[in-house]
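The values are calculated or read from the model by the stated rules, or taken from the named source; none is laboratory data. Here the structure is a predicted model, which is why all the values come from computation and not from measurement. Reconstructed Cβ throughout: ideal geometry from the backbone, glycine too, with neighbour counts over all protein chains shown. Quick note on the areas: whole protein, heavy atoms, side chains included, nothing else; ligands and nucleic acids left out. Shrake-Rupley method; radii C 1.70, N 1.55, O 1.52, S 1.80 Å.
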Amino acid sequence: MRAAETAAARAALRDASKDLLAYFVRRVTTPEDAADLLGETMLTAWSRIDKLPETPERQRMWLFVIAAHTLSNHRRTAQRRLGLTERLRTVLSTAAGPADTEGSYAVRDAVLRLHEAQRELVMLVHWEGFTLVEAAELLGLNASTARSRYAAARAALREALVEAF
């Protein structure tokens, strides 16, 4: 890119930046999102600077077209995120199964109080359905280390649950 083209591109971006920011501020919920969208618009425009029109009026229009596409992508992404969040909520609400009982809360609490290495091993085996050997492999442990940690975890759980009931 020649120096004259670079200067023209910088001038076009500088001249339109306030208007583009105002465009985004009026269309999104937070000023931070508007600033991010302006940055994305400028990056996109700069990457396509070889298509920059020659007249200032057409340059401004060109930048607003890029801004509109950037905003459209932002909205689609937000919609997908909301959809994924709703699906996750549904999965999580059904994954818990029937209403938790006082006993299941006590078990969960006892598991969560285990040392981190023991806790992850117990959760992989009992909640995720892995065998002890598979859980050991996932955690990068040899089988004998996993067996001894699992035995210690079971003893700690037994003690915690006897105290709870």
field: Test for Asp50: is it assigned to a helix (DSSP H, G or I), touching a helix residue (DSSP H, G or I) at 6+ places or on another chain (Cβ under 9 Å) and open to solvent by 90 Å² or more (accessible area, probe 1.4 Å)
entry: yes
message: I'd like the residue in the range 18-47 that is small (Gly, Ala, Ser) and at pLDDT 95 or above and, out of all such residues, is surrounded by the most Cβ atoms within 10 Å (Cβ to Cβ).
response: Ala34
- prompt: Any idea which of Arg10, Arg60 is in contact with an Asp or Glu (Cβ under 9 Å, 6 or more places away or on another chain), open to solvent by 100 Å² or more (accessible area, probe 1.4 Å) and in a helix (DSSP H, G or I)?
  reply: Arg60
- request: Those residues that are outside any helix (DSSP H, G or I) and either modelled with pLDDT under 60 or surrounded by 10 or more Cβ atoms within 10 Å (Cβ to Cβ) (or both), I need them from the range 83-104; list them, please.
  value: Ala96, Gly97, Pro98, Ala99, Asp100
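Yes or no, residue by residue, for (1) touching a Ser or Thr at 6+ places or on another chain (Cβ under 9 Å); (2) open to solvent by 40 Å² or more (accessible area, probe 1.4 Å); (3) under 30 Å from Met42 (Cβ atoms):
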| site | (1), (2), (3) |
| --- | --- |
| Leu71 | yes, no, yes |
| Thr77 | no, yes, yes |
| Ala106 | no, no, no |
| Glu120 | no, yes, no |
| Val125 | yes, no, no |
| Val133 | no, yes, no |
| Asn142 | no, yes, no |
| Ser148 | no, yes, no |
| Leu157 | no, no, no |
